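The next block holds one structure in the form of structure tokens; read it before the comments.
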Amino acid sequence: MAMAVFRREGRRLLPSIAARPIAAIRSPLSSDQEEGLLGIRSISTQVVRNRMKSVKNIQKITKAMKMVAASKLRAVQGRAENSRGLWQPFTALLGDNPSIDVKKSVVVTLSSDKGLCGGINSTAVKVSRALYKLNSGPEKEVQFVVVGEKAKAIMFRDSKNDIVLSVTELNKNPLNYAQVSVLADDILKNVEFDALRIVYNKFHSVVAFLPTVSTVLSPEIIEKESEVGGKLGELDSYEIEGGETKGEILQNLAEFQFSCVMFNAVLENACSEMGARMSAMDSSSRNAGEMLDRLTLTYNRTRQASITTELIEIISGASALEAAK
């Protein structure tokens, strides 16, 4: 409609405009004011275009991170499922009693070194703090072993004095049993414990993970519970043969059990991290697409408003020239 009016008015006023001097058809605004108005319009659309470009770049990054996480998840998921067969025989043999009352407890918190993976790290920290409150007392001691940069950064704020060991960049190289067994050996050498409580996120699906606590008892506590008829596994149904004593066998079993549980926990936590990162990046990509749609609508409205304003100014000027004839 506005373009039709502009063409009609232009054809009608063209002979009179051509007969007048150029100074008579100049805008009543000064050059500075005119540049200011044009500058405001161009800046508004330019800002929206820059924002659209930034959102598009962010969307590309989030889509790429989602594909990388999916690739890593496929590589780790099979190994995590296979590793479940390592610790299950030990649970049947020695039991897993998380409610056992001991004097020295060590909470091993597993987390990731990188962020953008949902709430798996905060969930592990919350469970670890809950275990600290449940197992602390006047004659009890609870300490932390932190694996992962994110849990370390969170727990150093209020539990710095209770952290005896922290390990980071565990997932820098592909995980294998030898690497995790070295970590388990370092923990056993540097801490004194009656019970080790390993907190990690067990992988269920890409969108679901379950905070899990696995308990590994020291050989002394296992032998003590066995003597008093405590709730253990099938250890008492086996007879010990050979030159080794029951204490030596329990020591070897406890160390091997801890390394197997740690290996499975690290793999499960890595699967949960990749699945949570996939979900987070997928949500981010969808949000970026929705924001891009809103910015496109805003840009079109701004551009159309600028064109309409310019047409109104031209028509108004033409009408003023017609009235001055």
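The values are calculated or read from the model by the stated rules, or taken from the named source; none is laboratory data. Bear in mind that the values here come from a model prediction, so they are computed numbers and not experimental data. Because the Cβ atoms are built from the backbone with ideal geometry, glycine has one as well, and the counts that use them run over all protein chains shown. Just the protein is used for accessible areas: all its heavy atoms, side chains included, with ligands, DNA and RNA removed. Shrake-Rupley method; radii C 1.70, N 1.55, O 1.52, S 1.80 Å.
Brief remarks on what is shown
- Order by protection proxy (mean Cβ within 10 Å, highest first), peptides 291-301, 83-93: 83-93, 291-301
- Listed pairs K140/K224; K126/K160; K72/K160; K103/K160; K56/K126 exceeding 24 Å between Cα atoms: K72/K160; K56/K126
- Ranked packing of 107-113, 319-325, 216-222, 248-254, most packed first, by mean Cβ within 10 Å: 107-113, 216-222, 248-254, 319-325
- Counting only protein heavy atoms and using a 1.4 Å probe, the accessible area of D101 comes to about 110 Å².
- Sorted peptide list for 133-144, 69-80, criterion being average Cβ within 10 angstrom, highest first: 69-80, 133-144
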